[in-house]
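Worksheet: the structure to be examined is printed underneath.
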Amino acid sequence: MQINESLIRSVVAQVLAEVGRSNGAPVAGKSFAGRNGVFTCPDEAVAAARDAFEQLQERTIEDRRRVIEHIRRISIEQCVELGTMEMHETKIGRLEHKIEKLKTLGERTPGVEFMRSEVYSGDHGLAVIEHAPFGVIGAITPVTHSLPTITGNAVSMLAAGNTVVVNPHPSGKKVAAEGVRRFNRAIYQDLGIDNLICVIAEPTLESANALFGHRNINMICVTGGPAVARAALKSGKRAVVAGPGNPPVVIDETADLNNAARCIIRGAAYDNNLLCIAEKEVFVVASVFDRMMEAMERAGAVRLNSREVETLTKNAIIQVGEGDHKHDAPAKDFLGQDAAVLAKGAGKSGVSEKVELLFGETDLENPFVPVEQMMPFVPFVRCKSVDEAIDRAKEAEHGFRHTSLIHSNNVKNMTRMGRIMDTTLFVKNGPCMASLGLGGEGYLSFSIAGPTGEGVTTPLTFTRERRCSLIDDLHILGMPRREPAPKFMGVGETAAANR
């Protein structure tokens, strides 16, 4: 996709400057209509979302569909401006992929069509199982996909009849606020409801905690690392948690190596490896290891030698935290940066800006293997057998049960890995995004809820079951009635009945 960024740079700068200004507090007792979902006070945001929820409850499913259509339309029609805005603010990832994510979300995110009811009828009447909204959802979103995560979650949450208050990552707060403003403005002009999606314009840890503990927040949805996941689980509310991932890839001796190389580059290089589902480390059977490395080079990735890998590791992986919490993490200067930037950090010159991915051989102890690095360098580890490769993949994934991948034409190897990894997403012979309907079957979501078990979220994820029972004889006249099931009798009762 060819993007002439200079044509919209001034517009982006102007919009970001406007969004950065404080909204000010509304006069007490006045309506929140006209705020277009942007607030500085968590209490006001929750109150506005609660009012919007009560209005939405009075509307039809068709009205919800119209709400979602506005979000989809804006995501598609304004993807270049909003994607450029996100790139300008966060300074991580690749511009063409920021744009593509918004466009694809507009096209592929599940909406009201996922809503359904179940009906049971019999001798004793009728039971209808409906999927009702929770109410106001408090959401935490990451810097890696600030507006895309809000967009995808909002479609699902609104389709289910909820409203949402978002505490975005501070480094993506301006594009989050601008996207929410545009969504709400279009919805209000059409349906007369404002603040269906609310955002905290100046997000902090304190504002996040305020949402976690707010009495009028009925549900929590977070996307982020271990710390925010733990906080959500301790909130005492129903929580949907999309936690961290460190997706491993296994390549056995039966794999189509050229296809594996193309798939790894497509997945691991996408948005400079910011996707939580992206290929992070590769375990290759020794008998095909050297040929696999050659296939990666043929496919366009650039290989680092051992010295360059060591240099990059020292520069791009740092230790953070203190005491028992000290651990390796990606350095901010390299996180989400282009492969050419990483190449300079590795001491390798002459790497074109068009190169999407670096790779190199490492051992298991290299921090790039266990760390969710989120940068376009993939370590390759040589393994004696496919069994060893799968076992190493299990270790590297840390039990997150997020995403794993295999390239193989051996069904037994695929089956063994699937059972051992037990991940929410398991991709065979394709890039990671195929698991979300992009090049594979299924549907798209930017929240993969592993820790709490919901998996790839849909509108039904954000509902609670409500059962409505009608007790009566509802059989159609002339239809035969079933006799009541025989009473279960224990051993003693059976013997007595037979006497």
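The values are calculated or read from the model by the stated rules, or taken from the named source; none is laboratory data. From a predicted model like this one, the values you see are computed outputs, not experimental measurements. Cβ atoms come from the backbone with ideal geometry, glycine included; neighbour counts cover every protein chain shown. Surface areas here come from the heavy atoms of the whole protein model, side chains and all, with no ligands, DNA or RNA. Shrake-Rupley method; radii C 1.70, N 1.55, O 1.52, S 1.80 Å.
Listed here are the residues, each with its yes/no results for (1) in contact (Cβ under 8 Å) with a residue 24 or more places away in the chain; (2) open to solvent by less than 50 Å² (accessible area, probe 1.4 Å).
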position: Arg291; (1), (2): yes, no
position: Lys344; (1), (2): no, no
position: Val355; (1), (2): yes, yes
position: Asp363; (1), (2): no, no
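Filter segment 389-411 for residues that are open to solvent by less than 70 Å² (accessible area, probe 1.4 Å), farther than 20 Å from His327 by Cβ and assigned to a loop (DSSP other than H, G, I, E, B) and give the result.
The answer is Ser408, Asn410.
So Leu205 clears everything in (1) in contact (Cβ under 8 Å) with a residue 24 or more places away in the chain; (2) open to solvent by 10 Å² or more (accessible area, probe 1.4 Å) except one condition, right? Which one?
Of (1) in contact (Cβ under 8 Å) with a residue 24 or more places away in the chain; (2) open to solvent by 10 Å² or more (accessible area, probe 1.4 Å), only one is false for Leu205: (1).
Of the residues that sit in segment 255-289 and are touching a Pro at 6+ places or on another chain (Cβ under 9 Å) and farther than 16 Å from Met374 by Cα, which one is most open to solvent (accessible area, probe 1.4 Å)?
So the residue we want is Arg262.
What pairs come out if I take residues in segment 392-416 that are modelled with pLDDT of 95 or more and of a type in the set (Val, Ile, Thr) and pair them with residues that are surrounded by fewer than 24 Cβ atoms within 10 Å (Cβ to Cβ) and in a helix (DSSP H, G or I) whose C-beta lies under 6 Å away, six or more apart or interchain?
That search, which allows pairs on different chains as well, returns Ile406/Met414.
Of Val128, Val143, Val119, Val80, which residue is in a loop (DSSP other than H, G, I, E, B), β-branched (Val, Ile, Thr) and open to solvent by 10 Å² or more (accessible area, probe 1.4 Å)? Even if it seems obvious, please write down each step before you answer.
Working: Val128 fails: in a loop (DSSP other than H, G, I, E, B); Val119 fails: in a loop (DSSP other than H, G, I, E, B); Val80 fails: in a loop (DSSP other than H, G, I, E, B).
Going through Val128, Val143, Val119, Val80 in turn, just one is in a loop (DSSP other than H, G, I, E, B), β-branched (Val, Ile, Thr) and open to solvent by 10 Å² or more (accessible area, probe 1.4 Å): Val143.
Look through Arg116, Arg108 and report the one residue that is more than 19 Å from Gly336 (Cβ to Cβ) and either in contact with a strand residue (DSSP E or B) (Cβ under 8 Å, 6 or more places away or on another chain) or free of Cβ contacts under 8 Å to residues at least 40 places away in the same chain (or both). Can you show your working first?
Working: Arg108 fails: either in contact with a strand residue (DSSP E or B) (Cβ under 8 Å, 6 or more places away or on another chain) or free of Cβ contacts under 8 Å to residues at least 40 places away in the same chain (or both).
Among Arg116, Arg108, only Arg116 is more than 19 Å from Gly336 (Cβ to Cβ) and either in contact with a strand residue (DSSP E or B) (Cβ under 8 Å, 6 or more places away or on another chain) or free of Cβ contacts under 8 Å to residues at least 40 places away in the same chain (or both).
Determine, yes or no, whether Phe283 is more than 20 Å from Lys354 (Cα to Cα), in contact with a strand residue (DSSP E or B) (Cβ under 6 Å, 6 or more places away or on another chain) and assigned to a helix (DSSP H, G or I).
For Phe283, the condition - more than 20 Å from Lys354 (Cα to Cα), in contact with a strand residue (DSSP E or B) (Cβ under 6 Å, 6 or more places away or on another chain) and assigned to a helix (DSSP H, G or I) - is not met.
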